[in-house]
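So the structure is just underneath, and the comments pick up after that.
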């Protein structure tokens, strides 16, 4: 959605208001000659009570949905044009009131509402805070009417829009939290989790307990979602630090860098946590096995690991090792069925600590040395090629010179023989 500087109409306010009041009067079924709505509007305009006219029109937003579809959009645009004529102190609230009426309305004409609100959004300046309320209304209406797919493509722009709107931290939090909730209701669980994290990232103080409920929900979702296999970034959030005294925080640390054995020990001591947070023990074990395999593989990069070692760590049969290795997206390995080993080519680190940075540094140094060696080999090859070319050129020149000398000698002998023959004659 982008800004479009649309001019709805060039008519005067009186003409616009009269046109709008006439149409609303018809929608109300009032007689043309004695329309109460039109008469009241006309009298207010004559008395220069324009602010009362604006409020009166904003109150009639919903009746516009009774108009034929071809008339609804122009009517709504006309209403917005009129409300924009209100004083700077009131037009913001009047448009917000109009937007909210669409959200609160039980009418099922969601497509009409969404189209009208999108048009409104596009006519507002990029930096207008009204864009925040308009977007929020679009989201709410879409969610209520199973039209969330209409909003999904726009969510990738939301961070940039928030900066453009220059809204308060409280409103940013409200927006991210509502987006997360609506996405969850629509079954978009992973996207819901992503916006929940955005919400939590706005908290910079680990003593702010207002985020504790959402932080707990984020940890539970991270554990439940099969797609979430990295927990380090989550654990570093200040909002998550409010949970340090909670059992769910301890469980998070197990998923961060613990093993299947440690998970079983924790659940053995805290069996109530599964029911309390509606977790799946089977799902947890499935995930912790994948993470345990990743840890094991990261310790053996470019080396072999036996089937028996993997089977013991994951508490599975050796016959199932190949399946787990193939299904694990966290590692890349070559399976050797003859030796019953896997050769680890790559593994995702569950945490990236000082040890991993040191290993990375050593690898970079090794790669640099290898590149230096290769460059030296290439330089030597070039030098040898140059020497070979020089020697070849010298030999060729010598051969040419030798051939020339031989030709001169032959020519000299021929001349001498000819002179001798002449003397004999």
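All of the numbers you see were taken from the coordinates with simple rules; none came from a lab. Bear in mind the structure is a predicted one, so any value in this text is a computation, not a measurement. A quick note on method: Cβ atoms are made from the backbone with ideal geometry, for glycine too, and the neighbour counts reach across all protein chains shown.
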The stretch 1-123, relative contact order in percent, only Cα pairs under 8 angstrom and at least six apart counted: 34
In the stretch 129-155, whose amide N lies under 20 Å from the spot 7 Å out along Cα-to-Cβ of residue 181? List them in ranges. 132-149, 151-152, 155
